[in-house]
Amino acid sequence: MAKICLCLTAKTIERNLEILDKYRKFADLAELRVDCLDPGERLFIRRFPEMAGMPIILTIRRDIDGGYFTGGEGARVKLLAQGLAYANDDARYNFAYVDIEEDFDVPSLEEAARTFGTRIIRSCHNMNGVIDDIPAKIKSMQRAGDEIVKMAIVVKSTEDVLRVYQASKACTGQDKIFICMGHYGIYSRILAEKFGSFLTYSSALSENETPGASGQLDVRELAELYRFQKITKKTKIFGVAGYPLKASISPWFFNTIFGLENADAVYVPFPANSVSALLDIAKELDVQGLSVTVPYKEAALPSLAGSSLAVQSIGACNTIYRSSNGWFGENTDCAGFSDSLLTFLDKKNLKRQKVSIIGAGGAARAVAAEIYRMGGKALILNRTINKARNVASQYNFRWGGLDNQGIELMAMSNYSDIIIQTTSVGMEGYDDVDPLELYTFTGKEAVMDLIYTPPETPFLKRAAAAGCRIINGYDMVIRQACLQYALFMDREIPHQLLSRINTSGAETWNKIRTG
Ligand code: NAP
């Protein structure tokens, strides 16, 4: 089974030991990044394995390989020799592993390491993307049968991750470590067992030490939320696909439920640069179902073998799952939205209600369809007016721009019983502004913002300050996720589990999100 390695990147030995003590229960081994230590501290590395009390990798990463060691090769060899010197007969007092690069060539040092049970990790760091013929490269790198060969590659696309995965499948019969560094490779770190990797590297992110390699996950999150140590080759994979996939609540929601019910399933983020590349990697990894988010809700449609009537009429899907013919598309935003809104308003339908919908993207399409189904009348205002017109004309709604004219139309025609904000403006990582700043709330409007991170956008804050009743998108996202769960798992979400996560849900999620 793949192991979790905690990277220790503090400037002092003492601080590394403090971090190790705090997080050791989540890791199987740790890596001492000597290149991150203050120069004076490097004199004391020899006793680190004994003080740490767990298997330790000795690593002195050069700056050309993404590390912080800028001294000459002679100085590095000397440091490595110091770390491996005076080997003890009891292997627990020695470094369990030493990470040395493919171009490192000091046979005496390597021989000494082997003699006292220190395994060599022979590494290659490629910061410029995927190289050709990885299996041949792996073969050429390994100098002795017990070496673990490590290939760490900065991936720049989903296609890159796919190539690394295929290469890892082709390299059988040896211990190896495959790491896809960077945002696109995040799931390769969680699914290390599926990628055939001996270990995955992680950090104690909240300790704010020198950053490790890009894309590393927090060690606690990996162990507790993703239940890394329980992932086997048979574990069912689900996930959320989109780009850039900032602040999605879904991994927290699904993995918490899977953990509570002890399901052999994991839900991971799949940042993807195109729908076709996403579906290729999903096929390779045998992914069973995906939540689809910005910007692929519409772009995914041509790749589906079938879809629900809701998806066909709205032209956007937020869920795809496997059917006998291929991927089937569904839109759980619709029911998630209407259930949440009707509960909030304490109404059974929207007859005689005039609604303004801000935005005309994928989410707005679901919102418009549901408002029409529930008997409401709507005005759609969007930055790109054409898109507002396209959505509105399907339901005989009115439309306008997010400008003075649009706002005037909204006020004059009284589309203000309910205002629903569906743009990504105000969401964490996007513009922190109010998309409806030209409108003055009277305090009588019921206001919903589909965004839930942050819990109150500038738009929602202003509505609350004017005395409006407000709701954010948290309740909606949980409702639509419950519907996704039923499609993914082919059963209703167990009610007792949902109530356990719902009671503390919003606060827990926000704590996780903000660290
Ligand atoms: P989308 O299809 O990409 O649509 C984005 C919308 O935001 C478009 O109307 C776009 O206008 C508008 N927009 C983007 N930047 C803007 C700016 N600077 N000024 C004005 N308008 C801007 O995204 P989506 O799938 O509809 O999602 C939109 C939001 O809803 C996201 O924040 C998402 O997290 C949230 N959402 C929440 C839930 C939930 O369950 N709570 C479900 C679905 C979506 P243009 O057409 O002019 O580009």
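The values are calculated or read from the model by the stated rules, or taken from the named source; none is laboratory data. Everything numeric here is computed off the predicted structure, so don't read it as measured data. Using ideal geometry, Cβ is built from the backbone for each residue, glycine included, and neighbour counts are taken over all protein chains shown. Ligands, DNA and RNA are stripped out before the accessible areas are found, and what is left, the full protein with its side chains, is counted by its heavy atoms. Shrake-Rupley method; radii C 1.70, N 1.55, O 1.52, S 1.80 Å.
I need a count of the residues in region 112-129 that are under 18 Å from residue 78 (Cα atoms) and in a helix (DSSP H, G or I).
3
Does residue 50 count as within 17 Å of residue 98 (Cβ to Cβ), exposed (fewer than 14 other Cβ atoms within 10 Å of the Cβ) and modelled with pLDDT of 95 or more?
On the way: within 17 Å of residue 98 (Cβ to Cβ): yes; exposed (fewer than 14 other Cβ atoms within 10 Å of the Cβ): yes; modelled with pLDDT of 95 or more: yes.
Spelling it out, residue 50 is indeed within 17 Å of residue 98 (Cβ to Cβ), exposed (fewer than 14 other Cβ atoms within 10 Å of the Cβ) and modelled with pLDDT of 95 or more.
Given the residues 93, 97, which is the only one that is surrounded by 13 or more Cβ atoms within 10 Å (Cβ to Cβ) and under 23 Å from residue 212 (Cβ atoms)? Outline the logic, then answer.
Details: 93 fails: under 23 Å from residue 212 (Cβ atoms).
So the residue among 93, 97 that is surrounded by 13 or more Cβ atoms within 10 Å (Cβ to Cβ) and under 23 Å from residue 212 (Cβ atoms) is 97.
Can you spot a residue in region 443-462 that is in a helix (DSSP H, G or I), in contact with a helix residue (DSSP H, G or I) (Cβ under 6 Å, 6 or more places away or on another chain) and within 11 Å of the ligand (Cβ to nearest atom)? Lay out the reasoning, then the answer.
Of region 443-462, the ones in a helix (DSSP H, G or I) are 458-462.
Cutting the leftovers down to in contact with a helix residue (DSSP H, G or I) (Cβ under 6 Å, 6 or more places away or on another chain) gives us none.
No, region 443-462 contains no residue that is in a helix (DSSP H, G or I), in contact with a helix residue (DSSP H, G or I) (Cβ under 6 Å, 6 or more places away or on another chain) and within 11 Å of the ligand (Cβ to nearest atom).
Can you name the residue in region 281-308 that is open to solvent by less than 10 Å² (accessible area, probe 1.4 Å) and away from the ligand (no atom under 16 Å from the Cβ) and, of all such residues, is nearest to residue 191 (Cα to Cα)?
Filtering first and then ranking leaves 285.
Of the residues that sit in region 309-324 and are part of a loop (DSSP other than H, G, I, E, B) and more than 14 Å from the ligand (Cβ to nearest atom), which one is farthest from residue 489 (Cα to Cα)? Spell out how you get there, then give the answer.
Initially, region 309-324 is screened for residues part of a loop (DSSP other than H, G, I, E, B), giving 315-318, 323-324.
Those left that are additionally more than 14 Å from the ligand (Cβ to nearest atom): 323-324.
Working: 323: 12, 324: 15 Å.
This residue is 324.
Among the residues of region 8-47, write down those that are open to solvent by 10 Å² or more (accessible area, probe 1.4 Å) and part of a strand (DSSP E or B).
Passing the criteria: only 33.
If a residue counts only when it is near the ligand (Cβ under 9 Å from one of its atoms), which helices (runs of 4 or more DSSP H) contained entirely in region 325-438 have at least 1 such residues? I'd like the intermediate steps shown before the answer.
On the way: elements: 332-345, 362-373, 385-395, 404-412.
In region 325-438, the matching helices (runs of 4 or more DSSP H) lie at 332-345, 362-373, 385-395.
Can you tell me how many residues within region 390-414 are in contact (Cβ under 8 Å) with a residue 12 or more places away in the chain and farther than 25 Å from residue 315 by Cα?
Summing the residues that are in contact (Cβ under 8 Å) with a residue 12 or more places away in the chain and farther than 25 Å from residue 315 by Cα in region 390-414 gives 8.
Restricting attention to region 65-82, report how many residues are without any contact (Cβ under 8 Å) to a residue 12 or more places away in the chain and under 23 Å from residue 153 (Cα atoms).
Residues of region 65-82 without any contact (Cβ under 8 Å) to a residue 12 or more places away in the chain: 70-75, 78.
From what is left, the residues that are under 23 Å from residue 153 (Cα atoms) are 70, 73.
Of the residues in region 65-82, 2 are without any contact (Cβ under 8 Å) to a residue 12 or more places away in the chain and under 23 Å from residue 153 (Cα atoms).
Just a yes or no: is a residue in region 154-172 open to solvent by less than 30 Å² (accessible area, probe 1.4 Å) and among the acidic types (Asp, Glu)?
Within region 154-172 (the criterion being open to solvent by less than 30 Å² (accessible area, probe 1.4 Å) and among the acidic types (Asp, Glu)), the answer is yes, since at least one residue qualifies.
Checking residue 383 against (1) within 31 Å of the chain's Cα centre (by Cα); (2) under 18 Å from residue 314 (Cβ atoms); (3) open to solvent by 20 Å² or more (accessible area, probe 1.4 Å): exactly one of these is not met. Which one?
Going through the list (1) within 31 Å of the chain's Cα centre (by Cα); (2) under 18 Å from residue 314 (Cβ atoms); (3) open to solvent by 20 Å² or more (accessible area, probe 1.4 Å), residue 383 breaks only (2).
Is it the case, given these coordinates, that residue 239 is within 16 Å of residue 188 (Cα to Cα) and modelled with pLDDT under 90? If you could, list the steps in order and put the result at the bottom.
On the way: within 16 Å of residue 188 (Cα to Cα): yes; modelled with pLDDT under 90: no.
Against the criterion (within 16 Å of residue 188 (Cα to Cα) and modelled with pLDDT under 90), residue 239 does not qualify.
Just one of (1) open to solvent by 20 Å² or more (accessible area, probe 1.4 Å); (2) outside any loop (DSSP other than H, G, I, E, B); (3) within 15 Å of the ligand (Cβ to nearest atom) trips up residue 480, so point out which.
The number of the failed condition is (1).
Kindly indicate whether residue 138 is in a helix (DSSP H, G or I), open to solvent by 30 Å² or more (accessible area, probe 1.4 Å) and hydrophobic (A, V, I, L, M, F, W, C).
Taking the combined requirement at face value, the residue does not satisfy it.
Go through region 400-439 residue by residue and tally those that are of a type outside the set (Asp, Glu) and touching a helix residue (DSSP H, G or I) at 6+ places or on another chain (Cβ under 7 Å). Break it down stepwise before answering.
Applying the first criterion (of a type outside the set (Asp, Glu)) to region 400-439 yields 400-402, 404-407, 409-416, 418-427, 429-430, 433, 435-436, 438-439.
After this cut, where a residue has to be touching a helix residue (DSSP H, G or I) at 6+ places or on another chain (Cβ under 7 Å) as well, the list is 400-401, 416, 420-422, 426, 433, 435-436, 438-439.
Within region 400-439, residues that are of a type outside the set (Asp, Glu) and touching a helix residue (DSSP H, G or I) at 6+ places or on another chain (Cβ under 7 Å) number 12.
Quick one: would you say residue 277 is outside any strand (DSSP E or B), surrounded by fewer than 21 Cβ atoms within 10 Å (Cβ to Cβ) and among the hydrophobic types (A, V, I, L, M, F, W, C)?
Working: outside any strand (DSSP E or B): yes; surrounded by fewer than 21 Cβ atoms within 10 Å (Cβ to Cβ): yes; among the hydrophobic types (A, V, I, L, M, F, W, C): yes.
Yes: the conditions hold for residue 277.
Could you say whether any residue in region 74-92 is assigned to a loop (DSSP other than H, G, I, E, B) and at pLDDT 95 or above? Talk me through it step by step, then tell me what you get.
Step one: filter region 74-92 for residues assigned to a loop (DSSP other than H, G, I, E, B), giving 85-90.
Filter again for at pLDDT 95 or above, leaving none.
Checked region 74-92: no residue is assigned to a loop (DSSP other than H, G, I, E, B) and at pLDDT 95 or above.
Show the residue pairs that are 6+ apart or on different chains and have beta-carbon atoms under 7 Å apart, the first residue being within region 339-364 and open to solvent by 20 Å² or more (accessible area, probe 1.4 Å), the second being part of a helix (DSSP H, G or I).
Listed by first residue and then by second, the contacts come to 339/479; 348/342; 363/333.
Test each condition in (1) free of Cβ contacts under 8 Å to residues at least 40 places away in the same chain; (2) open to solvent by less than 20 Å² (accessible area, probe 1.4 Å) for residue 491 and report the one that comes out false.
The number of the failed condition is (2).
Is it the case, given these coordinates, that residue 438 is open to solvent by 50 Å² or more (accessible area, probe 1.4 Å), under 22 Å from residue 383 (Cα atoms) and touching a residue at least 12 places away in the same chain (Cβ under 8 Å)? Lay out the reasoning, then the answer.
Numbers: open to solvent by 50 Å² or more (accessible area, probe 1.4 Å): yes; under 22 Å from residue 383 (Cα atoms): yes; touching a residue at least 12 places away in the same chain (Cβ under 8 Å): yes.
Taking the combined requirement at face value, the residue satisfies it.
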